[in-house]
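The values are calculated or read from the model by the stated rules, or taken from the named source; none is laboratory data. Only a predicted model underlies this, so the values are computations on that prediction, with no experimental measurement involved. Here the Cβ positions follow ideal geometry from the backbone for every residue, glycine too, while neighbour counts run over all protein chains shown.
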Amino acid sequence: TTHSPQFLGLQSGKGLWNAQNLASDVIVGILDTGIWPEHVSFQDSGVSAVPLKWKGKCESGTKFSPSNCNKKLIGARAFFKGYESVAGRINETVDYRSPRDSQGHGTHTAATAAGNLVDKASFYGLANGSAAGMKYTARIAVYKVCWTSGCASSDLLAAIDQAVADGVDVLSLSLGGFAKPFYSDSIAIASFGAIQKGVFVSCSAGNGGPSISSVDNNAPWIMTVAASYTDRRFPTTVKLGKGQTFEGASLYTGKATAQLPLVYAGTAGDEGAEYCTSGSLKKKLVKGKMVVCKRGMNGRAQKGEEVKLAGGTGLLLINTETGGEELFADAHVLPATSLGASAGIAVKEYMNSTKRATASIAFKGTVYGNPAPLLAAFSSRGPSSVGPDVIKPDVTAPGVNILAAWPPMTSPTLLKSDKRSVLFNVISGTSMSCPHVSGLAALLKSVHKTWSPAAIKSALMTTAYATDNRGSPIADAASSNSASATPFGFGSGHVDPERASDPGLIYDITIEDYLNYFCSLNYTSSQIAQVSRRNVTCPDNKALQPGDLNYPSFAVNFEGNARNNRVKYKRTLTNVGTTSSTYAVKVEEPNGVSVILEPKSLSFEKLGQKLSYNVTFVSSGGKGREGSSSFGSLVWLSGKYSVRSPIAVTW
Amino acid sequence: ASTDKQTYIIHMDKNKMPALYDSLGNSRQWYESVIDSITQFSSQEQEEEQETGFPQLLYTYETVTSGFAAKLSTKQVEALSRVDGFLSAIPDGMLTLH
């Protein structure tokens, strides 16, 4: 990717990107749509021999052979038995029955996590710069599990099983389904097996935002990643005939349009034409005009294709209320721009006010320095419907307008009519934020070889930040009045890898801790065995509560505890900072809640030492608050270290 | 009849694996024998099984979980649930890219 390494504070030759850390061998496994192996992002010039521990291989298949792998791309396998048992044999006119990528998604995510450093990458001059994966020296192993109609759980489980046996260190999954109890969730089960073998698992949170409880991949042993904007945008200026202007976004690279007559798609075609769906627009009403289409129903670039096919000369793509002020930049096939919901309302009001409405679009190219991070409206939100005692998502990372590698045989819009061939494409999704974190985990693994997956996760979470580059709380693109995002949107905050490499303290979690967690969820022995492969008899004399899991954040639910309005949790911190250090606690109490700490300071005398504390949350009264939430934080401070945990309280 | 069958992910308790298979070092043979066993019922049931086809073993899982994926009929899943070591049968589902 270009720019996101800099946005994350990674600097060539320094810190996590110094020569020593980059030389360390880490293998990142990508479960996705495969890879385009010939891409410059995956070449192996100057790369050392494949690590001896590696047991994986490159499998043959359609237009793919072991010779497509090298010292950078060290593994490539395809899993389709489950998919074909449901969808029938893979149609080889649209997909490769092999690890080769026909959709682009897997090539993009693999490059984001661990693609090579490539100079002069851009999308038709936009997002220009040196592209690099977050750990650009890591090895890549690809497991193709996603095909034209989706990704079968049975294939995914087989791929994770194989990847862990092959010897990957990090797994990156930019996919998911609906939240399920962990004992029936294939990703949760497979990930639990993976973390038991020391493999870090990062998953995308989903694109179901801003609806509440839309977050997926909720298991506490998974790093669940939300998506946010960096400070880079691709702005456009839309000017209405009456002079009013609005900012939009687009990856269209042509000249500004003239002032063109405006037409609302809803009045220029059949039923449903407002979404500019296939064949819905009438040529005689659209020809030569700037068409206003609503987001939803079909792909955004497809709307542009429909307008172009109907003879339109431009497109204003307006958000509905759900999309809020989200501004997607898309590689449209005609002059087009996205517009936020409030601009959309203004455009429609203007069109209703005159019979001669006009508009123009000017394309401003790549612009840096915008307020960021900004939580993407589409990014899925908590609270978790299956594990409300843990805040999900865990963190946010760059996931909007991300430039990374793309197969030259796949058009940037995925439209058949789009004949463009590019080496880099700009796309958005929690799919794009997840591999950023996977690559960062690989970097941390290089520096801290003995850290458990939970320790790496804790380091990334407790050092994440919740304010933007202007010192204001991170805002939410779903909000039309720039309201702040909450931990149910971004978890602990935006990742800060350099700080995560030296977090001071970590909240580690052992397998035993997770087993107690399952008991606290009242799982049966059989359900626990399904997830953990262990025979566990839960203690019946021990008051276990899910909130006692040694998690780096606090989700407090008063709903089930209304009798006392008081919840007490225990946490244990491990010193990984300086030998002798004393930490003092600083609490930002959630509105309506008192927070009591015992003790209020922790004095560590050696590295690896563990000290515990109790934290009690007291609600000042839940009456009238049912269904509401409030947020705060708990921070342990010592010198340069600040170990922060968000608190999310729900009544 | 074949439309009656669907792919299930079967979770098994490896601790219940008979020593014979344990000594062979992998569980595939156990799962194959389990699948064989669920097709050996009454002659009427066998006839039905032959109509719907024998279970098709797609994958065995060894490293991160214990079990297998197979295309099974509802009746075969019912029979499987009576096998010692059976934990659960989860219908295969389709996930999507994010």
| request: Evaluate region A:401-409: report whether one residue or more is assigned to a loop (DSSP other than H, G, I, E, B), touching a residue at least 12 places away in the same chain (Cβ under 8 Å), under 15 Å from the mean Cα position of the chain (by Cα) and surrounded by 22 or more Cβ atoms within 10 Å (Cβ to Cβ). | output: yes
| field | Condition check for A:Thr112: among the hydroxyl-bearing types (Ser, Thr, Tyr), within 30 Å of A:Lys53 (Cα to Cα) and away from chain B (no Cβ under 12 Å) | value | yes
| List, please: which pairs have Cβ atoms under 6 Å, are six or more places apart or on different chains, and start with a residue in region A:506-534 that is away from every other protein chain (no Cβ under 14 Å) and touching a residue at least 12 places away in the same chain (Cβ under 8 Å) and end with one that is of a type in the set (Ser, Thr, Tyr) and part of a helix (DSSP H, G or I)? | A:Ile506/A:Ser458; A:Tyr507/A:Ser458
| message | Tell me which helices (runs of 4 or more DSSP H) are completely within region A:446-515 and hold 1 or more residues being within 30 Å of A:Asp25 (Cα to Cα), or say none if there are none. | response | A:453-462, A:497-500
| message | So if I check each of A:Ser85, A:Ser41, A:Ser65, which one is among the hydroxyl-bearing types (Ser, Thr, Tyr), within 22 Å of A:Thr410 (Cα to Cα) and crowded, with 20+ Cβ neighbours inside 10 Å? | response | A:Ser41
| field | Answer from A:Ser60, A:Ser48 - the residue that is surrounded by fewer than 16 Cβ atoms within 10 Å (Cβ to Cβ), hydroxyl-bearing (Ser, Thr, Tyr) and farther than 30 Å from B:Tyr8 by Cβ | value | A:Ser48
| message | Quick check on region B:63-78: of everything there that is away from chain A (no Cβ under 13 Å) and out of contact with any Asp or Glu (no Cβ under 8 Å at 6 or more places or on another chain), which residue is nearest to B:Gln6 (Cα to Cα)? | response | B:Val77
| field | Positions within region A:622-639 being touching a Lys or Arg at 6+ places or on another chain (Cβ under 9 Å) and either in a loop (DSSP other than H, G, I, E, B) or more than 21 Å from A:Ala485 (Cα to Cα) (or both), in sequence order | value | A:Trp636, A:Leu637
| message | Can you tell me which residue is nearest to the other protein chains (Cβ to nearest Cβ) among those in region A:87-109 that are of a type in the set (Asp, Glu) and over 22 Å from A:Leu171 (Cβ atoms)? | response | A:Asp95
| field | Selection status of A:Val118, at pLDDT 95 or above, more than 14 Å from chain B (Cβ to nearest Cβ) and closer than 23 Å to A:Ser428 by Cβ | value | yes
| query | Mind checking which residues of region A:175-194 are farther than 16 Å from A:Pro388 by Cβ, surrounded by 24 or more Cβ atoms within 10 Å (Cβ to Cβ) and of a type in the set (Phe, Trp, Tyr)? | reply | A:Phe192
| message | Suppose we filter A:Lys72, A:Lys81, A:Lys53 for residues that are out of contact with any Lys or Arg (no Cβ under 9 Å at 6 or more places or on another chain) and either over 30 Å from B:Met94 (Cβ atoms) or hydroxyl-bearing (Ser, Thr, Tyr) (or both); which single one remains? | response | A:Lys53
| task | Note down all Cβ pairs under 8 Å where the first residue falls in region A:219-231 and is touching a residue at least 24 places away in the same chain (Cβ under 8 Å) and aromatic (Phe, Trp, Tyr), the second is crowded, with 24+ Cβ neighbours inside 10 Å and part of a loop (DSSP other than H, G, I, E, B), and they're at least six residues apart or on different chains. | result | A:Tyr229/A:Pro373; A:Tyr229/A:Ala376; A:Tyr229/A:Val400; A:Tyr229/A:Asn401; A:Tyr229/A:Ala477
| note | If you go through A:Ser580, A:Ser553, A:Ser612, the only one that is of a type in the set (Ser, Thr, Tyr) and in contact with a helix residue (DSSP H, G or I) (Cβ under 8 Å, 6 or more places away or on another chain) is A:Ser553
| remark: A:Gly46 vs (1) closer than 18 Å to A:Val118 by Cβ; (2) part of a loop (DSSP other than H, G, I, E, B); (3) at pLDDT 95 or above: all pass except (3)
| query | So is A:Ser417 surrounded by fewer than 24 Cβ atoms within 10 Å (Cβ to Cβ), out of contact with any strand residue (DSSP E or B) (no Cβ under 9 Å at 6 or more places or on another chain) and either more than 14 Å from chain B (Cβ to nearest Cβ) or on the phi > 0 side of the Ramachandran plot (or both) or not? | reply | yes
| remark: Within region A:29-60, of all residues that are of a type in the set (A, V, I, L, M) and touching a strand residue (DSSP E or B) at 6+ places or on another chain (Cβ under 7 Å), the one farthest from A:Ser149 (Cα to Cα) is A:Val50
| query | Name the pairs whose Cβ atoms lie under 6 Å apart, with the first residue in region A:72-84 and more than 27 Å from A:Ser48 (Cβ to Cβ), the second among the basic types (Lys, Arg) and modelled with pLDDT under 95, and 6 or more positions between them or separate chains? | reply | none
| Are any of the residues in region A:108-115 buried (at least 22 other Cβ atoms within 10 Å of the Cβ) and in contact with an Asp or Glu (Cβ under 6 Å, 6 or more places away or on another chain)? | yes
| Could you list, in sequence order, the residues of region A:152-186 that are facing another protein chain (nearest Cβ under 8 Å) and of a type in the set (Val, Ile, Thr)? | A:Ile160, A:Val164
| message | Being among the hydroxyl-bearing types (Ser, Thr, Tyr) and touching a Cys at 6+ places or on another chain (Cβ under 8 Å) is the filter here; which residues of region A:144-182 pass it? | response | A:Ser172, A:Ser174
| Of all residues in region B:35-70, which are under 21 Å from B:Pro91 (Cβ atoms) and modelled with pLDDT under 95? | B:Ile35, B:Ile38, B:Thr39, B:Glu48, B:Glu49, B:Thr52, B:Gly53, B:Phe54, B:Pro55, B:Gln56, B:Leu57
